[in-house]
Amino acid sequence: MNQSFISTTDSVSKLIQELNKLPGIGPKSAQRLAYYLLRASGEQATQLAEAISSVKQKTKLCSVCFNVTESDLCSICRSDQRDQTKICIVEQPQDVLALEHTKIYNGLYHVLHGAISPTEGVGADDVRIKELLQRLEGGSVTEVILATNTNLEGEQTAMYLSKLISPLGIKVTRLARGLPFGTELEYADDVTLTRAIEGRQEF
Ligand SMILES: [Zn+2]
């Protein structure tokens, strides 16, 4: 792609290259965004740059659920309004956002940061399963909702977790029954997600 940027300056071409690395941004979109920013006010460009840098500096993972937070505990784990007997297990922090958006679920979360995938060499120890089991040892959780994606890795992970958790006497439900196979949770619409939570079935 370098040839097409020969006519641009080094800094513009660098910006296009960086934008092009973002998911869903192809060379054309990267070019369009770069020229948009070139025309934008200095203030807007600075705000964007600061937002990107502060998200890297200020955020960390919640020490309990591994959601993204700016303090030791995320706002969900800190809240006394949440149902402490339910934990919804998701693959990524953005899945928490998608489920919270439906406003239908009031329990806690656990973010695995991935899914088990033998073909890609991701095992149970590479995601936050050990930490989940430690949470369950507390004994206050009565239901675990498996909200991993409905693709192969998500299903394998759900199956694996179910085998681990069911023997503990905790009810295990699977969220995704209403979702078509291959769905990534973060892209599901609110109506579908709401139905999927309400219609969750024992797994
Ligand atoms: Zn948390």
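By the gyration tensor of its Cα atoms, with a ≥ b ≥ c the square roots of the eigenvalues, what is the shape of the range 151-203: rounded for a/c under 1.5, prolate for a/b over b/c, or oblate?
Oblate, because a/c is 1.5 or more while a/b does not exceed b/c.
Would you mind telling me the share, in percent, of accessible area of the chain contributed by carbon and sulfur at probe 1.4 angstrom?
Solvent-exposed carbon and sulfur of the chain make up 53 percent of the total.
Net charge near Glu137: determine it from the other residues with C-beta under 15 Å of the C-beta of Glu137, scoring Lys and Arg +1 and Asp and Glu -1.
For residues surrounding Glu137, the net value is +2.
Find how much the distance from Ser79 to Thr9 grows on full extension, using 0.36 nm per residue of separation minus their present alpha carbon separation; answer in nm with one decimal.
20.2 nm
Could you give the Stokes-Einstein D for the range 90-182 in µm² per second, using the C-alpha Kirkwood radius, 37 °C, 0.692 mPa s?
240
Translational diffusion coefficient, Stokes-Einstein: compute it for the chain using the Kirkwood radius over C-alpha pairs as Rh, at 20 °C and 1.002 mPa s, and state it as an integer in µm² s⁻¹.
Translational diffusion coefficient: 112 µm²/s.
Say a paramagnetic label sat at a point 7 Å from the Cα of Ser166, along Cα to Cβ; which residues of the range 92-120 have their backbone N under 11 Å from it?
Taking a point 7 Å out along Cα→Cβ of Ser166, no residue of the range 92-120 has its backbone N under 11 Å.
Subtract the Cα-Cα distance of Gln201 and Asp125 from 0.36 nm times their separation in residues, and report this length gain in nm to one decimal.
Additional length available on full extension: 24.7 nm.
For the range 31-115, with every protein chain kept in place, what is the accessible area per residue (1.4 Å probe, Å²)?
Ligands and nucleic acids excluded, the result is 58 Å² per residue.
Under the rule of -39500 (n - 2.57) per DSSP H run of 4 or more residues, summed and divided by the residues of the chain, what mean residue ellipticity at 222 nm is obtained, to the nearest 500 deg cm²/dmol?
Theoretical 222 nm ellipticity from helices: -13000 deg cm²/dmol.
Return the FRET efficiency for the residue pair Ile25, Lys103: r is the Cβ-Cβ distance, R0 is 30 Å, and the value is rounded to the nearest 0.05.
Approximately 0.45, to the nearest 0.05.
For the range 44-203, what number of Lys pairs, 8 or more residues apart or on separate chains, have alpha-carbon atoms under 27 Å from each other?
So the count works out to 14.
The values are calculated or read from the model by the stated rules, or taken from the named source; none is laboratory data. Since this is a predicted model, take the numbers as computed values, not measurements. Quick reminder, even Gly has a Cβ in these numbers, built from the backbone with ideal geometry, and neighbours come from all protein chains shown. The protein model used for the area step is the full one, side chains on, heavy atoms only, and it has no ligands, DNA or RNA in it. Shrake-Rupley method; radii C 1.70, N 1.55, O 1.52, S 1.80 Å.
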